[in-house]
Amino acid sequence: MESVRFIDEDGARWITLDRAPLNILDIATIEALAGMLAPLESRRDLKAIVFRSALPRTFSAGVDVADHTRDRVVHMLEAFHGVFRRLDALPQATVAAVDGTCLGGACELAAFCDIVLATPRSVFGQPEIDVGCFPPVAAVLLPRLSPRAAAEMVLTGAPVGAAEAARIGLISRVVDDVEAETRRVVRLLSAKSGAVLALARRALREGSTGSFAEALARVEALYRDELVPTDDIEEGVRAFLEKRAPRWKDR
């Protein structure tokens, strides 16, 4: 659909929001996003998913407020949260390239990504409280990044600038040229084994919950039972010892 499109390039799926003036995410756009993610489970040739905007100074102002009415909100929540559940299960690393306004559901989407790059003029916020709502994904995700900052963002609705977003761990870093830096990061990701990248991403998720001992046990099991049997761990070690570039099989 015209409001969101994708291209597969340089080992990544680049998903571009293009719904002027603010890239509002209505249900149709959300469902289109989900459709673009659906085939990626089996696409080990793609190492990353990038979310970006075609509009200047705007990533997205978030989910359509009109879709929060009682007759639409259940459908909206199922569709929107389905995007996060799908992203969580996919093997690809996720990257958000933010330049400008990033609010509400868009802030949730960006923060959920593994790597978040933003220009100095970018602004992040969860203003749902001002329209009588709260952001479910942010309520789960943001306290894991910074509990105090999460409470202030969700309870006051006050936005934060890019520098503050980096300080509290909401984004990875501030960059002057987000397009160039995103492409650099994608090149780094595309050079990795798809199989190992997917397992490393799962390890980060598994390691983020529970006690240290419990988390380490889960990650150790993932390493032992799923990483060790791959072709690519053997290839990576052999290539290092032979002083050559690895030839990944992505399995």
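Give me a count of the residues in segment 75-132 that are free of Cβ contacts under 8 Å to residues at least 24 places away in the same chain and closer than 18 Å to Ala203 by Cα.
1
Mind listing whichever residues of segment 47-63 are among the charged types (D, E, K, R) and within 17 Å of the chain's Cα centre (by Cα)?
Residues satisfying the conditions are Lys47, Arg52.
Open to solvent by 10 Å² or more (accessible area, probe 1.4 Å), over 23 Å from Val123 (Cβ atoms) and in a loop (DSSP other than H, G, I, E, B): which single residue out of Asp8, Asp45, Asp88 fits that description?
Working: Asp8 fails: in a loop (DSSP other than H, G, I, E, B); Asp88 fails: in a loop (DSSP other than H, G, I, E, B).
That would be Asp45, the only listed residue that is open to solvent by 10 Å² or more (accessible area, probe 1.4 Å), over 23 Å from Val123 (Cβ atoms) and in a loop (DSSP other than H, G, I, E, B).
Filter segment 116-132 for residues that are under 15 Å from Val73 (Cα atoms), part of a loop (DSSP other than H, G, I, E, B) and open to solvent by less than 40 Å² (accessible area, probe 1.4 Å) and give the result. Quick ask: steps written out before the conclusion?
The first filter runs over segment 116-132 and keeps only residues under 15 Å from Val73 (Cα atoms), leaving 128, 131-132.
Next, from what is left, pick out any that are part of a loop (DSSP other than H, G, I, E, B): 132.
Selection gives nothing.
Listed here are the residues, each with its yes/no results for (1) of a type in the set (S, T, N, Q); (2) open to solvent by 20 Å² or more (accessible area, probe 1.4 Å).
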position: Leu170; (1), (2): no, no
position: Leu188; (1), (2): no, yes
position: Leu204; (1), (2): no, yes
position: Ser208; (1), (2): yes, yes
position: Glu214; (1), (2): no, yes
position: Ala221; (1), (2): no, yes
position: Glu234; (1), (2): no, yes
position: Glu242; (1), (2): no, yes
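Scan Ala245, Ala166, Ala221 and give me the residue that is out of contact with any Lys or Arg (no Cβ under 7 Å at 6 or more places or on another chain), of a type in the set (Gly, Ala, Ser) and assigned to a helix (DSSP H, G or I). Write out each step before concluding.
Details: Ala245 fails: assigned to a helix (DSSP H, G or I); Ala166 fails: out of contact with any Lys or Arg (no Cβ under 7 Å at 6 or more places or on another chain).
One residue alone meets the criteria, Ala221.
Suppose we keep only residues that are touching a residue at least 40 places away in the same chain (Cβ under 8 Å) and of a type outside the set (A, V, I, L, M, F, W, C) within segment 133-144. Which one would you say is farthest from Val73 (Cα to Cα)?
If we filter segment 133-144 for residues that are touching a residue at least 40 places away in the same chain (Cβ under 8 Å), which is where we start, we get 133, 136-137, 144.
When the remaining residues are screened for being of a type outside the set (A, V, I, L, M, F, W, C), the result is 136, 144.
On the way: Pro136: 13, Arg144: 26 Å.
Result: Arg144.
The values are calculated or read from the model by the stated rules, or taken from the named source; none is laboratory data. Nothing here was measured: the structure is a model prediction, and the numbers come from that model. Virtual Cβ from ideal backbone geometry, glycine too; neighbours counted across all protein chains shown. Accessible surface is based on the protein model in full, side chains and every heavy atom, while ligands, DNA and RNA are left aside. Shrake-Rupley method; radii C 1.70, N 1.55, O 1.52, S 1.80 Å.
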